[in-house]
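Asks: One structure, pasted below without further comment.
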Amino acid sequence: MELPDSTFTPRRTDDIVRVLAVTTSLGGRTILDGVDLAIRRGEVFVIMGPSGCGKTTLLRHLCGLLAPSFGSVTVEGHDIHAASPELLHLLRLRTGLSFQGGALLGSMTVLENVELPLRENTELPARVIRETARMKLDMVGLLHAADLLPSSLSGGMKKRAAIARAIALDPEIVYFDEPSAGLDPVTAAEVDNLIQKLNQVFGITMVVVTHDLQSAHAIADRVAVLHEGRVLRCGTRDQIWADPDPRIRAFIERRLPVEEVDGMDILRFLEI
Amino acid sequence: MAAANLDRSSVAALTGDFERALREGPERVIVDLGAVEAFDSAGLGGVVAGLEAAKARGVEVRLRGLSQAMLDFFSLVSVQRLTASAERGAEIGPVTRLGEFVEPIMDGAVAVLATAGDVLRELVVGPFKRRFLRLDRTAVEVDHCAAGALPIIALIGFLLGLILAMQAYVQLRVFGAEIYIANMVGVSVLAEIGPLMTAIVLAARSGSRNAAQLGAMVVGEEIAALEQMGVRPLRFLVVPKVVACAFAALALSVIFDVIAMAGGALFAWGVAGIEFDAFAQQLRGALHASDFFLALIKSATFGLAVGVIGCALGLRVRGGSEGVGRATTGAVVVGIFLVIVIDAVFVTAQRLLG
């Protein structure tokens with residue numbers, strides 16, 4: 001199989017990813033309802049919102065795993081959901097994805113997991129593949145765990161191994177699904193740190209889906225707030241944190257949303 | 001209510017009283033909870049159950065003497081929401097129910113056919129696009145499917161050979177035609193028992209394994225991760241598994257046949273006093289090369305079917321561990337069923353084609 005860059009010509013645009021009017025219904029329920037986004041080359045872009053707002057579905061659209069019912073996702077100037085299988089393959093090689101649970105192959109060691117994209121998509125000699133993979137593992141601080149099976153890793157180690165695998169092919173974009181979910185605060189901060197470091201050193205565009213406010217505030221250049229399948233607001237981190245919209249304030253200040261009071265209807269049954 | 005406590009040990013009395021009161025057909029029921037000193041969730045669950053039953057019958061209920069603690073408890077829930085189902089009486093029509101039964105079966109059948117098509121296309125068209133079978137991955141699968149099943153296949157083969165010879169002996173002894181044990185064992189093992197038993201063992205060992213493994217990989221997002229990395233699960237996982245199953249069915253059925261016939265010969269020698277030479281001679285006369293080839297084709301087809309079903313059902317898993325369990329059961333049950341159906345097709349075709 002060909003090397004990732006041998007035939008692919010990215011159309012150089014300021015926006016590496018463009019999402020246009022993406023609408024998705026799954027099982028008769030509207031998950032996303034006309035989402036527009038533009039992600040700039042080299043930034044850390046955080047998609048933030050409460051659970052069930054459609055973040056993960058949007059992420060699946062962005063990396064081409066799931067086609068939206070309507071609308072388009074353009075990556076490096078190519079519509080990823082209208083692409084031929086060959087083009088889609090090349091686009092995928094330029095993107096990495098770090099899954100929420102790591103999604104490491106359970107039958108392979110950590111090193112083999114990181115080697116896998118290199119072995120399957122390049123014709124590099126085994127030695128080079130091995131050292132490249134070991135380098136990536138060292139970058140995420142997991143070289144000592146190279147020969148362990150994923151089942152013997154802690155949650156934080158799994159995420160770091162998944163990041164090492166996601167950057168194995170030197171991608172232009174890396175997507176993160178809830179990188180800090182299920183981690184203790186210190187480990188979560190380590191992962192945040194790693195995302196920033198990789199962004200600064202390699203200029204990789206990072207797209208992070210999260211509901212973790214602290215993490216979002218720590219890493220984001222720009223933020224999009226998703227609410228009930230729509231982009232409520234998109235702007236720099238400081239703009240979002242200063243936004244007066246009550247729904248954004250509620251989310252950022254971790255207040256309970258105002259809900260219709262429907263408890264206490266036991267009163268209707270009381271004898272007065 | 002006389003009981004001082006309304007909890008999981010005493011709630012039955014309350015629901016009993018409620019039922020009795022409702023059966024008399026009153027316009028309203030008054031429940032006095034004033035004497036209750038302590039309560040738990042089950043106790044108040046009984047009260048809500050009563051409210052629901054009353055609502056279904058259109059009877060008004062008034063509660064009396066609720067303590068502040070009970071009111072606090074009820075402030076966390078909505079009685080309206082809890083008793084909403086009493087009003088609906090949602091009846092599902094027979095057509096809908098039939099559809100709900102049939103639809104997943106149809107979907108499953110389509111998925112199995114699609115996977116079979118994908119696998120065959122990859123095997124036939126792939127080499128023209130410089131995509132060859134992944135030998136490294138296939139070897140791992142063959143090791144499990146074929147090598148791993150060898151002891152059980154040998155054991156079953158040997159025992160079935162003995163059993164078939166014994167059954168034949170009982171019948172044939174009457175006519176003094178013991179030598180025909182070789183024909184009975186040879187023909188039945190080669191044509192039916194060998195391919196079928198091998199396929200059943202394969203479905204139970206490897207069909208289930210493939211479904212469970214791929215299902216767990218879907219749940220753990222490993223399949224999605226592979227796709228994202230530009231590794232096609234079909235080529236990386238499914239085709240090696242299916243090819244390994246077909247190869248295992250082929251190889252194991254040959255081994256099964258040989259061992260079963262040896263078992264038959266051993267019985268014939270030990271009990272009926274037929275020499276091994278005479279048994280072998282008789283076998284040669286009973287079996288034709290075409291029977292042998294047909295048996296091989298049949299076994300390979302069974303193996304393909306078992307492999308495809310396990311993989312197709314595994315990749316369709318939705319909904320966590322429950323889904324994995326369902327796919328695993330399906331792989332074995334549907335796999336064995338389909339093997340029998342294919343066998344019937346083979347036999348019919350053989351008859352028609354003479």
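Asks: Give me, ordered by chain and number, the residues 5 or more places off residue A:16 or on other chains with an amide H under 5 Å from its own placed amide H.
Replies: Excluding prolines and chain starts, which carry no amide H, the hits are A:39, A:40, A:41.
Asks: Counting other beta carbons within 10 Å of each residue's own, what order do B:145, A:63, A:234 fall into, fewest first?
Replies: Ascending number of Cβ neighbours within 10 Å: A:234, A:63, B:145.
Asks: Sticking with this structure for a sec: Using a Förster distance of 35 Å, how high is the FRET efficiency between residue B:276 and residue A:107, based on the Cβ-Cβ distance and rounded to 0.05?
Replies: Between residue B:276 and residue A:107 the formula returns 0.15.
Asks: Let me ask you something else. Report, as an integer, the average count of C-beta atoms from other chains found within 10 Å of each Cβ along B:75-83.
Replies: 4
Asks: Of the residues A:253, A:190, A:115, which exhibits the maximal mean-square fluctuation in a Gaussian network model of chain A defined by a 10 Å Cα contact cut-off?
Replies: Highest fluctuation of the listed residues: A:253.
Asks: Averaged across the residues of B:216-225, what count of C-beta atoms belonging to other chains lies within 10 Å of each residue's C-beta?
Replies: 6
Asks: What residue among B:261, B:166, B:70 shows peak mean-square fluctuation when chain B is described by a Gaussian network model with Cα springs under 10 Å?
Replies: B:70
Asks: Toward the positive end of the charge dipole of the protein assembly as shown, about the Cα centre and with charges on Cβ (Lys, Arg +1; Asp, Glu -1), which of A:83, B:210, A:30 goes farthest?
Replies: About the Cα centre, the residue reaching furthest to the positive side is A:83.
Asks: Let me ask another. With n ≥ 4 as the cut-off for DSSP H runs, can you work out [θ] at 222 nm for the protein assembly as shown, using -39500 (n - 2.57) per run divided by the number of residues, rounded to the nearest 500?
Replies: Here the helix-only value at 222 nm equals -17500 deg cm²/dmol.
Asks: To continue, here is another question. Taking just the alpha carbons, could you work out the radius of gyration and Dmax for segment B:227-354, both in angstroms?
Replies: 19.9, 66
Asks: How large is ³J(HN,Hα), in whole Hz, for each residue of segment B:281-288 in order, when computed from phi with the Karplus curve 6.51 cos²θ - 1.76 cosθ + 1.60 and θ = phi - 60°, using x for Gly and Pro?
Replies: 4, 5, 4, 4, x, 7, 9, 10
Asks: Give me the Debye-computed log₁₀ of I(q)/I(0) at q = 0.18 Å⁻¹ for segment B:100-213, equal point scatterers on Cα only, no solvent, two decimals.
Replies: Evaluating at q = 0.18 Å⁻¹ gives log10 I(q)/I(0) of -1.03.
Asks: Here's a follow-up. Which residues among segment B:266-281 fall inside the zone where the amide N is under 17 Å from a point 7 Å beyond the Cα of residue B:159, along Cα→Cβ?
Replies: Answer for this model: B:267.
Asks: For residue B:39, which sequence-distant residues (separation of 5 or more, or a different chain) have an amide H within less than 5 Å of its own amide H, given hydrogens modelled in the peptide plane?
Replies: Answer set, sorted by chain and number: B:6.
Asks: Can you tell me, using C-alpha contacts under 8 Å and at least 6 residues apart, the relative contact order of segment B:1-68 as a whole percent?
Replies: Contact order relative to length: 45 percent.
Asks: When chain B is treated as a GNM, springs tying every alpha-carbon pair under 10 Å, which of B:154, B:216, B:38 comes out with the largest mean-square fluctuation?
Replies: Judging by the Gaussian network model, the answer is B:38.
Asks: What number comes out for the charge environment of residue A:72, summing +1 per Lys or Arg and -1 per Asp or Glu over other residues with Cβ under 14 Å away?
Replies: Taking every other residue near residue A:72 into account, the sum is -3.
Asks: Give me the one-decimal Kirkwood hydrodynamic radius in Å for the protein assembly as shown, with the sum taken over alpha-carbon pairs.
Replies: Values: mean 1/r = 0.0335 Å⁻¹.
Taking the inverse mean of 1/r over all distinct Cα pairs, the protein assembly as shown comes out at 29.8 Å.
Asks: Where does helix B:208-219 land angle-wise versus the long Cα axis of chain B, in degrees 0 to 90, nearest 10?
Replies: 50 degrees
Asks: I would also like to ask the following. Please report, in debye to the nearest 20, how large the charge dipole of segment B:257-329 is about its Cα centre when each Lys and Arg carries +1 at its beta carbon and each Asp and Glu carries -1 there.
Replies: Details: 5 positive and 5 negative charges, 108 e Å.
I would put it at about 520 debye.
Asks: Further question: Relative to a virtual label point 7 Å from the Cα of residue B:318 in the Cα→beta-carbon direction, which members of segment A:21-42 show backbone nitrogen distances below 17 Å?
Replies: Output list for this probe position: A:24-32.
Asks: What size of dipole, in debye to the nearest 20, comes out for the protein assembly as shown about its Cα centre when the only charges are +1 on Lys and Arg C-beta atoms and -1 on Asp and Glu C-beta atoms? Walk me through the numbers before you get to the answer.
Replies: On the way: 58 positive and 68 negative charges, 228 e Å.
So the magnitude is around 1100 debye.
Asks: Round to the nearest 10 and give me the degree value, 0 to 90, for the angle of helix A:185-202's Cα axis relative to the longest principal axis of chain A.
Replies: Helix A:185-202 sits roughly 50 degrees off the main axis of chain A.
Asks: Can you give the average number of partner chain beta-carbon atoms within 10 Å of each beta-carbon in peptide A:95-102, as a whole number?
Replies: Rounded to a whole number, the mean comes out at 4.
Asks: Further, regarding this structure: Taking the alpha-carbon distance from residue A:136 and a cut-off under 29 Å, which lysines remain once sequence neighbours fewer than 8 residues away in the same chain are dropped?
Replies: Leaving aside lysines fewer than 8 places away in the same chain, those within reach of residue A:136 are A:55, A:158, A:159, A:197.
Asks: Apply the Karplus curve 6.51 cos²θ - 1.76 cosθ + 1.60, θ = phi - 60°, to the phi angles in segment A:52-61 and return the couplings in whole Hz, x for Gly and Pro.
Replies: Ordered by residue, 3J(HN,Hα) equals x, 8, x, 4, 5, 4, 4, 4, 5, 5 Hz.
Asks: Taking H placed 1.01 Å from N in the peptide plane, check which residues at least 5 places from residue B:61 or on another chain put their amide H under 5 Å from its amide H.
Replies: B:29
Asks: Between residue B:72 and residue B:19, what's the calculated FRET efficiency when r is the beta-carbon distance and R0 is 22 Å? Round to 0.05. Walk me through the numbers before you get to the answer.
Replies: Working: r = 28 Å, r/R0 = 1.26.
Here the calculated transfer efficiency is 0.20.
Asks: Under Stokes-Einstein, with the Kirkwood radius over Cα pairs standing in for Rh, what whole-number D in µm²/s applies to segment A:140-244 at 4 °C and 1.567 mPa s? Provide the component values of the computation, followed by the final result.
Replies: Values: Rh = 14.8 Å.
For these conditions, the coefficient is 87 µm²/s.
Asks: Which of B:273, B:327, B:352 sits farthest toward the positive end of the charge dipole of segment B:202-354, with +1 on the Cβ of Lys and Arg and -1 on the Cβ of Asp and Glu?
Replies: B:327
Asks: Given Cβ point charges of +1 (Lys, Arg) and -1 (Asp, Glu) and nothing else, what value in debye, to the nearest 20, does the dipole of segment B:186-301 about its Cα centre take? Let's see the in-between values first.
Replies: Details: 7 positive and 8 negative charges, 55 e Å.
The dipole magnitude comes to about 260 debye.
Asks: Based only on other Cβ atoms within 10 Å, what is the fewest-to-most ordering of B:32, B:72?
Replies: Fewest to most other Cβ atoms nearby, the residues stand as B:72, B:32.
Asks: How far apart, in nm, are two points set 7 Å out from the Cα along the Cα-to-Cβ line at residue B:341 and at residue A:40?
Replies: If labels sit at residue B:341 and residue A:40, their model points lie 5.9 nm apart.
Asks: Quick one: Debye curve from the alpha-carbon atoms of segment B:5-88 only, equal weights, vacuum; give me log10 I(q)/I(0) at q = 0.13 Å⁻¹ to two decimals.
Replies: -0.38
Asks: Next question. Helix A:110-121 against the longest principal axis of chain A: what's the angle in degrees, Cα atoms only, rounded to the nearest 10?
Replies: Roughly 70 degrees between the two axes.
Asks: Over the Cα atoms of segment A:103-156, what radius of gyration and what Dmax do you get, in Å?
Replies: Just the Cα atoms of segment A:103-156 yield Rg and Dmax of 10.9, 32 Å.
Asks: Excluding residue B:124 itself, calculate the net charge of residues whose Cβ lies under 12 Å from the Cβ of residue B:124, where each Lys or Arg counts +1 and each Asp or Glu counts -1.
Replies: +1
Asks: For segment B:78-164, build the charge dipole from Cβ charges (+1 Lys, Arg; -1 Asp, Glu) around the Cα centre, then report which of B:113, B:99, B:152 sits farthest towards its positive end.
Replies: B:113
Asks: Residue-wise, which Karplus ³J(HN,Hα) couplings in Hz belong to segment B:239-248, taking 6.51 cos²θ - 1.76 cosθ + 1.60, θ = phi - 60°, and x for glycine or proline?
Replies: Coupling constants for segment B:239-248: 4, x, 5, 5, 4, 4, 5, 5, 5, 4 Hz.
Asks: Could I ask something else about it? Sort largest first and round to whole Å: the equivalent ellipsoid semi-axes of chain B, each the square root of five times a Cα gyration tensor eigenvalue.
Replies: Equivalent ellipsoid semi-axes, largest first: 63, 29, 19 Å.
Rule-based calculations on the coordinates, nothing more; no lab input. Small disclaimer: the values here were computed from a predicted structure and weren't measured. Glycine also receives a Cβ, built like all others from the backbone with ideal geometry; neighbour counts cover every protein chain displayed.
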